[in-house]
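The values are calculated or read from the model by the stated rules, or taken from the named source; none is laboratory data. What you see is a predicted model; the values in this text were computed from it and never measured. Note that each Cβ is placed from the backbone with ideal geometry, even for glycine, and that neighbours are counted across all protein chains shown.
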Amino acid sequence: MKLKLCTLASSSSGNCTYINFEDTHILVDIGISKKRTIEALNQIDVKPESIQAIFVTHEHCDHVKGIGVFNRKYNTPIYATKKTWEVIDKNNLIGKVSNKRILQQTTKIKNLTIQSYKVSHDAVDPVGYIFEAEKKRIALFTDIGIIDTNILTAVKNCNGIMLEFNHDPNMVEVGNYPYYLKRRILGEKGHLSNDTAAKILADIYHQDLKWAMLAHLSGENNLPDLAYITTKNALEEKGLTIGKHIQIYVAEKYINSPLLSV
Ligand SMILES: [Zn+2]
Ligand SMILES: [Zn+2]
C-alpha cells in the first residue's frame with residue numbers, strides 16, 4: 001500500500017495537508033475554513049467524517065483557524081502538544097472543542113506512525129512531523145527558522161518531503177513589511193528561505209527520495225517560479241535533474257496539489 005500526501009491549502013494565509021495510508025485518513029492543521037476544507041476533501045473523494053485525527057503543528061492562525069468548526073461538526077480528535085493546547089485554550093483560538101489529545105513524540109493510528117519533532121519557530125511549542133508506514137516515510141516541515149541536525153537526520157531517509165520555501169530574502173528586504181517583521185521572518189525562529197530550503201533538499205537527496213513539495217510560500221515575499229528555479233539550480237549543482245532524479249511540486253495557495261504517494 002502507498003503512503004500519500006495532498007496539500008489542500010498552503011501559504012502564510014492558510015495551511016491544511018491530507019495524509020493517507022490504507023483506511024487511515026488524517027489532516028495536519030486546518031488554517032482554512034471548514035467549507036473550503038470539505039470542498040478540498042471532496043475533490044479527492046475523502047469524506048470529512050472519515051478523517052480520524054487532526055495533528056496541529058503550532059497555534060498560529062494560518063494553521064488552526066478552521067479546526068474548532070471542523071471538530072464541532074465531526075467530533076474529530078485533535079492532537080497538539082500540552083503547551084500548544086495551553087496557549088490555544090488561554091487565548092480561545094478555536095472555541096470549545098471535544099476529543100482533545102495530548103501529542104506524544106510517537107502516535108500510532110492503525111498502521112500509520114506519526115512522529116513529532118520540535119522545530120525552531122516563534123510559537124510556544126511548534127513541531128514538524130514524519131509519517132511512516134510499511135517502511136515508507138514522508139516528512140512535513142514548515143514554519144521553521146533553522147533546520148538543526150536532529151531534523152536533518154530525521155528527514156534524510158524520507159521518500160517524500162513537504163518543506164517550507166517561505167520567502168526570497170531579497171524580496172523581504174526590499175518589500176513593504178515593517179522592520180520588526182522582516183527581522184522575524186529572516187530570523188532563527190521565523191521561516192525558511194528558498195535558498196536555505198533548496199540547499200537542504202540538495203544535501204539530503206538520495207535515490208529513494210521521490211518528490212519534494214515546496215510549501216508555505218509567502219504571498220508577499222515569494223513567487224512559485226522563484227522557489228522552483230532556486231531548487232532547480234541547487235539540485236543541478238549536485239548533478240541532479242528534476243523529472244529524472246526527483247519530482248518537484250510547488251504547493252498552491254488554495255488549490256489541491258496532486259495526491260502524491262511513496
Ligand atoms: Zn504558517
Ligand atoms: Zn507559524
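Could you tell me whether N222 is outside any helix (DSSP H, G or I), surrounded by fewer than 21 Cβ atoms within 10 Å (Cβ to Cβ), of a type outside the set (D, E) and touching a strand residue (DSSP E or B) at 6+ places or on another chain (Cβ under 9 Å)?
Numbers: outside any helix (DSSP H, G or I): yes; surrounded by fewer than 21 Cβ atoms within 10 Å (Cβ to Cβ): no; of a type outside the set (D, E): yes; touching a strand residue (DSSP E or B) at 6+ places or on another chain (Cβ under 9 Å): yes.
Criteria not met by N222.
Matching residues to (1) within 15 Å of ligand 1 (Cβ to nearest atom); (2) at pLDDT below 95; (3) aromatic (F, W, Y):
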{"residue": "N91", "(1), (2), (3)": "no, no, no"}
{"residue": "V97", "(1), (2), (3)": "no, no, no"}
{"residue": "K100", "(1), (2), (3)": "no, no, no"}
{"residue": "K108", "(1), (2), (3)": "no, no, no"}
{"residue": "D122", "(1), (2), (3)": "yes, yes, no"}
{"residue": "I138", "(1), (2), (3)": "no, no, no"}
{"residue": "F141", "(1), (2), (3)": "yes, no, yes"}
{"residue": "I147", "(1), (2), (3)": "no, yes, no"}
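On the given criteria, is E132 at pLDDT 95 or above, within 15 Å of ligand 1 (Cβ to nearest atom) and among the acidic types (D, E)? Answer is no for this residue. Of all residues being over 17 Å from Y129 (Cα atoms) and hydroxyl-bearing (S, T, Y) in segment 1-55, which is surrounded by the fewest Cβ atoms within 10 Å (Cβ to Cβ)? Just the residue, please. Top of the filtered list is S50. Kindly evaluate K73 against the criterion of being outside any loop (DSSP other than H, G, I, E, B), within 16 Å of ligand 2 (Cβ to nearest atom) and over 27 Å from L217 (Cβ atoms). No: the conditions fail for K73.
In segment 55-73, the residues that are within 15 Å of A9 (Cα to Cα) reach residues that are part of a helix (DSSP H, G or I) and within 11 Å of ligand 1 (Cβ to nearest atom) with C-beta atoms within less than 6 angstrom, at least six apart or across chains, in these pairs: T57/H63.
Okay, residues lined up against (1) buried (at least 18 other Cβ atoms within 10 Å of the Cβ); (2) of a type in the set (V, I, T); (3) in the same structural domain as S13 (by TED's automatic domain parsing); (4) in contact with a helix residue (DSSP H, G or I) (Cβ under 8 Å, 6 or more places away or on another chain):
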{"site": "M162", "(1), (2), (3), (4)": "yes, no, no, no"}
{"site": "V172", "(1), (2), (3), (4)": "yes, yes, no, yes"}
{"site": "N176", "(1), (2), (3), (4)": "no, no, no, no"}
{"site": "R184", "(1), (2), (3), (4)": "no, no, no, no"}
{"site": "H191", "(1), (2), (3), (4)": "yes, no, no, yes"}
{"site": "A198", "(1), (2), (3), (4)": "yes, no, no, yes"}
{"site": "Q207", "(1), (2), (3), (4)": "no, no, no, no"}
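Just checking, does segment 239-246 include any residue being touching a strand residue (DSSP E or B) at 6+ places or on another chain (Cβ under 9 Å), free of Cβ contacts under 8 Å to residues at least 60 places away in the same chain and under 18 Å from G145 (Cα atoms)? Checked against the condition, which is being touching a strand residue (DSSP E or B) at 6+ places or on another chain (Cβ under 9 Å), free of Cβ contacts under 8 Å to residues at least 60 places away in the same chain and under 18 Å from G145 (Cα atoms), segment 239-246 yields no hits at all.
Among the residues of segment 40-58, those identified as assigned to a loop (DSSP other than H, G, I, E, B) and either at pLDDT below 95 or within 16 Å of ligand 1 (Cβ to nearest atom) (or both) are V56, T57, H58.
Annotation: of all residues in segment 175-194 being more than 13 Å from ligand 2 (Cβ to nearest atom) and small (G, A, S), the one that is farthest from L163 (Cα to Cα) is G175.
Please tell me if I30 is within 16 Å of ligand 2 (Cβ to nearest atom), in contact with a Ser or Thr (Cβ under 7 Å, 6 or more places away or on another chain), more than 19 Å from S120 (Cα to Cα) and β-branched (V, I, T). Yes. Across segment 173-184, a minimum of one residue is classified as part of a helix (DSSP H, G or I), at pLDDT below 90 and within 13 Å of ligand 1 (Cβ to nearest atom). Residues in segment 133-153 that are out of contact with any His (no Cβ under 9 Å at 6 or more places or on another chain) and crowded, with 20+ Cβ neighbours inside 10 Å: A133, R137, I138, A139, L140, F141, I147, I151. It is to be established whether one or more residues within segment 41-63 are among the basic types (K, R) and within 19 Å of K136 (Cβ to Cβ). No, segment 41-63 contains no residue that is among the basic types (K, R) and within 19 Å of K136 (Cβ to Cβ).
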